[in-house]
Amino acid sequence: MYPVHWLVWIDPHRRARKLLQFAEVEADGARDLFRAAEVVQDPILRRRFFAHARDEVRHASLFRTRGLALRRRLDRPGPDHVLGDGLLPGERGFDRLNVEAESMSALLAFIHLSERAASHSFAAYGAVLGHDPETRAVIQQIARDEEGHMRYSRVELSRVAPGQANRALWASRLRRLWRAYVRTALVMADMIARLILTLLYFLLLPPFALLARRAARKEPPGWHICNACRNDRTGGQY
Amino acid sequence: MKILGISSFYHDAAAALLIDGLPVAAVQEERLSRRKNDAGFPVRAIEWCLGQAALEPQELDAVIFYERPALKFDRVLMTLLRGFPHSWRAFPKAMNNMLGEKLWVRGVIAAQLAVSARRVHFTDHHLSHAAAAFLTAPTESAAILTADGVGEWATLTLGRGRKKAGGATTIDLMREVRFPHSLGLFYSAFTAYLGFKVNEGEYKVMGLAAYGKPRWAREMRRILQRTDDGAFALDLAYFDYHRAVDAAYSKAFIDLFGPPRDHFEPIDLSTALGQHYADIAASAQLVLEEVIVDIATSLHRETGLADLCFGGGVALNGVANARILREAGFDRLFVPSAPGDAGCALGAALWADRILFDRPHRDCPDHPFWGPAVVSDDLARLAAEDGFPFARLSAAERIDQVVEAIASGEIVGWMEGATEFGPRALGHRSILADPGNAAMRAWLNRDIKFRESFRPFAPVVPADQAETYFELPPGGARLGRFMSGVFPVRPQWRGKLAAVTHVDGTARVQVLDRGMAPGLHALLIAYGQRRGMPILLNTSFNLAGDPIVTSVAEGYSTFRRAGMDMLVADDVMVRRQRARQEHVLEEVA
Ligand SMILES: [Fe+2]
Ligand SMILES: [Fe+2]
Ligand SMILES: [Fe+2]
């Protein structure tokens, strides 16, 4: 992964863009954790989630401030998102917490694993940022927090589900794998559908397009008799 | 008869339940799912509405969807065909999207609710808007105007309605303007261009407009032209939404107005560029007003009616609403609390009851509070568990303490009863503060709501004292009932109302009738006795990017995140205690 990371972070455009995207991810993570604090019944967990969410708010603002500073140095910042950005995940990987749908132990296992992944990737990003000490300092500071999150969530998991922590972690790992598989399958399906639809577009649509344009030319702008005045009392779809 | 209305799949989804012709419950999905502008099928909202009346879905007599999916599909497909071959990128995306579930609404509803597909009905998007505006308004006969981005094909309709308690109802929509010519999409293009989120940032364009001069009005009138018959047409060379579906404005647009605003950088009104964007906003706002006021004026001339009911997303533009009221010739202007697509859930249900099933009209209660109620015991429990000082108060004690807090510059989260239906906090889920303190506005924007510094806050005032402080035209109090109009603050009070007076001397005032929210009304009166003015700053109880809070747990969490000073939920009051709070945070870190 080292050369990939190095490649990603050496380009100043991409560096600024990634940091701003990370800021979004952290902000979403914070929102999810505040939500977790709202729905959880256990006061200790509520306090932990709240403090954790506040950390993520801080991370969002650190990433954002640094990203903006880098962005301001560019002549042309370019688009906010570029194909392939998704290959380098931020803190939550690709998944959002689904707070209401999960049991507390599943939630904690998920938090633990994604914080662990985050602290590893942030450490790796830091390692290739020798040329940009300021960004490196930001990322390393955040990576340290993520370690803290990783630890507290593990401790809480053992407290909430004594003797079942390992099982919850494995279930969560399997779920991550399963979700990754589903996501890939969906992306593939979407790409195939797009390909087919694009082919259809060019092969089948031209004559209809011609007709549609002719009809459009006949329809002047301005007032029209209301469609809804047909006084349709059938309640149909058309 | 039990009728469930549903709106979903485009902007903000919602559900509304009608029993024997009267609303029982209505809520936006975002308030329950906690995802702002949640457009997904409103499972939670439906569940909550049915739960309110202890109904099983099978007991529903009818479910009505707020628009006709097949007609919408027709428009999308036709637009793509007309855009051939430039629409090739948009085509697969749009088809995937429509064919996914939007086109099969009947099946989706029947499957989700386990009701017979025969009980699922549809109506026109703009009829839903019209019904939401007319059937909830306390008038028997009114002209009707609806305007939004786009429904199926229509983007603006004119009509009239007639109803009488116990009698029959008619809604006749006479004329419409069709996609791609749309006032809503015109305004949205500028929302996007100015770097705000479409369907969400339109308020910001209106707020920004007050800082600018309409220097670009001529260009705007070229883009948004009037047709000979009194309607309007967009010059499509400047727009892209009819080709690209997700892009709003074209290259010609950028050639004319310059590069779009960089949304990462805050608007700095002291720079030429910041002023340029404010001028653009002012120009777009002005031309929108000209067109809508003119259309409303001719509608008044044509119908000769005294009342106008206005629905659709454009009716959220309080500056335009106030101009319609002043200039179009109508005595009264009714804008419902939820004029946007969420309100169509209620509109569609009312339409089905009165017109599809021909049932006699019943006057709807004239308030917006149809959502989940506060459970104050929850707040007491949360505060006790987290070690926050809290108390149970009588009504009088509560008013005393809140008045005291606000008078000494504190910021109070105020939750009472059922949530509002619609985008505005009208006194049941509000953040209240001193309206006189200009620094308060900057502070609230920056530290509490985390939003742009140029955005104004709204005041709330008792109806019988509104005229003292605000220049209300005849009918203005009614328009201010749901905060739907922007009116001038009387010059002598502007200094004392600095936190709620916009840069142009106006305010989006809520004119509060005692009967609508007695708790807040009493608070205003008490505050007036203490400070001389019965006016409070009233902003929605949420942080930037979040939906307005619904439950006490959400209010409590927002209270803590924003560092507010006091939170009141019905009879329970919680206070911030700085020392204690920091202690808790350290302990966790
Ligand atoms: Fe983080
Ligand atoms: Fe974290
Ligand atoms: Fe609409």
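Report the accessible surface area buried between chains B and A, summing both sides, using a 1.4 Å probe on protein heavy atoms only, in Å² rounded to the nearest 100.
Summing both chains' loss of accessible area gives about 5800 Å².
Please identify the helices of chain B, taking whole runs of DSSP H, that span at least 20 Å along their own axis as judged from the Cα atoms and have a mean Kyte-Doolittle score of -0.5 or higher.
Length and hydropathy pass: B:272-303.
Calculate, in whole percent, how much of the Cα-Cα pair population of segment B:371-588 lies beyond 20 Å.
Looking at segment B:371-588, the distances longer than 20 Å represent 55 percent of pairs.
Treating only the Cβ of Lys, Arg, Asp and Glu as charged (+1, +1, -1, -1), what charge dipole size does the protein assembly as shown show about its Cα centre? Round to the nearest 20 debye.
The dipole of the protein assembly as shown has a size of about 1560 debye.
Please state the equivalent ellipsoid semi-axes for segment B:63-128: what are the square roots of 5 times the Cα gyration tensor eigenvalues, largest first, in whole Å?
So the three semi-axes of segment B:63-128 are 27, 14, 6 Å.
Considering only protein heavy atoms, what per residue accessible area in square angstrom results for segment A:65-224 with a 1.4 angstrom probe?
For segment A:65-224, the per-residue accessible area is 59 Å².
Give me the percent of Cα-Cα pairs in segment B:89-225 that sit more than 22 Å apart, rounded to a whole number.
Percentage above 22 Å: 60.
Taking accessible area as the heavy-atom solvent-accessible surface of the protein chains with a 1.4 Å probe, which residues of segment B:547-577 lose no less than 50 Å² upon going from the isolated chain to the full protein assembly?
Hits at the 50 Å² cut-off: B:R560, B:R561.
Below 15 angstrom from the Cβ of A:M191, what's the summed charge of the other residues (Lys, Arg +1; Asp, Glu -1)?
+3
What is chain B by shape, rounded, prolate or oblate, if you read a ≥ b ≥ c off the alpha carbon gyration tensor as root eigenvalues and call it rounded for a/c under 1.5, prolate for a/b larger than b/c, and oblate otherwise?
Rounded.
Any chance you could check segment A:40-77 for residues losing 50 Å² or more of accessible area when the partner protein chains are in, compared with the chain on its own (1.4 Å probe)?
The answer is A:R46, A:R47, A:F50, A:R54, A:R71.
Calculate the mean, over all residues of peptide A:204-216, of how many other protein chain Cβ atoms lie within 10 angstrom of the residue's Cβ.
Going residue by residue through A:204-216 and averaging, the value is 4.
Sticking to Cα atoms, compute the Rg of segment B:1-98 to one decimal and its Dmax as the biggest Cα-Cα distance, whole number, in Å.
16.8, 53
Suppose a student asked you for the relative contact order of chain B, using Cα pairs under 8 Å spaced at least 6 residues apart; what percent would you report?
Answer for chain B is 16 percent.
Find how many whole Å separate the alpha carbon centroid of segment A:4-64 from the alpha carbon centroid of segment B:348-364.
Here the answer is 48 Å between Cα centres.
If you filter segment B:120-197 for trypsin sites (Lys or Arg not before Pro), then keep DSSP loop positions with at most 15 other Cβ within 10 Å, what is left?
B:K164, B:K197
In whole percent, how big is the carbon plus sulfur part of the accessible area of the protein assembly as shown, probe 1.4 Å, protein atoms only?
The nonpolar share, carbon plus sulfur, comes to 56 percent.
Probe radius 1.4 Å, ligands and nucleic acids left out: which of B:D268, B:D358, A:D42 has the largest accessible area, and how do the rest follow?
B:D358, B:D268, A:D42
Just tell me which lysines come within less than 30 Å, Cα to Cα, of A:K218; anything on the same chain fewer than 8 places away is out.
Here the lysines satisfying the reach criterion relative to A:K218 are B:K72, B:K93, B:K102, B:K251.
I'd like the distance between the alpha-carbon centres of segment B:140-197 and segment B:482-540, rounded to an integer number of Å.
30 Å
Using θ = phi - 60° and the Karplus form 6.51 cos²θ - 1.76 cosθ + 1.60, what ³J(HN,Hα) does each residue of segment B:36-41 get, whole Hz, x for Gly and Pro?
4, 6, 4, 9, x, 4
Quick check: from the Cα gyration tensor, does segment B:395-445 come out rounded (a/c under 1.5), prolate or oblate?
Because a/c hits 1.5 or more and a/b fails to exceed b/c, segment B:395-445 counts as oblate.
For Cα pairs less than 8 Å apart in space and 6+ apart in sequence, what is the mean separation divided by the residue count of chain A, i.e. the relative contact order in percent?
Reported as a whole number, the value is 19 percent.
Over chain A, how many percent of alpha carbon pairs lie in each 5 Å bin up to the one with the longest distance?
1, 6, 10, 13, 13, 11, 10, 8, 6, 7, 6, 5, 3, 1, 0
Can you pull the percent of Cα pairs in segment B:224-367 with separation above 27 Å?
42 percent
Two decimals is fine: what's Rg over Rh for the protein assembly as shown, C-alpha atoms, Kirkwood radius as Rh?
Ratio value, two decimals: 0.95.
Can you tell me which aspartates and glutamates have their Cα less than 13 Å from the Cα of B:K204? Leave out same-chain residues fewer than eight positions away.
Hits, sequence-local ones excluded: B:E452.
Go through segment B:79-100 and flag every residue whose accessible area shrinks by 50 Å² or more with all protein chains in place compared to the isolated chain (probe 1.4 Å).
B:L81, B:R82, B:F84, B:W88, B:F91, B:P92, B:N96
How large is the helix-only mean residue ellipticity at 222 nm for chain B, computed as the sum of -39500 (n - 2.57) over DSSP H runs with n ≥ 4, divided by its residue count, in deg cm²/dmol to the nearest 500?
-11000 deg cm²/dmol
Keeping every protein chain present and rolling a 1.4 Å probe, give me the accessible area per residue for chain B in Å².
Here the residues of chain B average 34 Å² of exposed surface.
Quickly estimate the mean residue ellipticity at 222 nm for chain A, helices only: each DSSP H run with n ≥ 4 gives -39500 (n - 2.57), and the total goes over all residues, rounded to 500.
Calculated at 222 nm, the ellipticity per residue is -26000 deg cm²/dmol.
The values are calculated or read from the model by the stated rules, or taken from the named source; none is laboratory data. Model, not experiment: these values are computed from the prediction. Backbone-built Cβ (ideal geometry, glycine too); neighbour counts: all protein chains shown. Accessible surface is based on the protein model in full, side chains and every heavy atom, while ligands, DNA and RNA are left aside. Shrake-Rupley method; radii C 1.70, N 1.55, O 1.52, S 1.80 Å.
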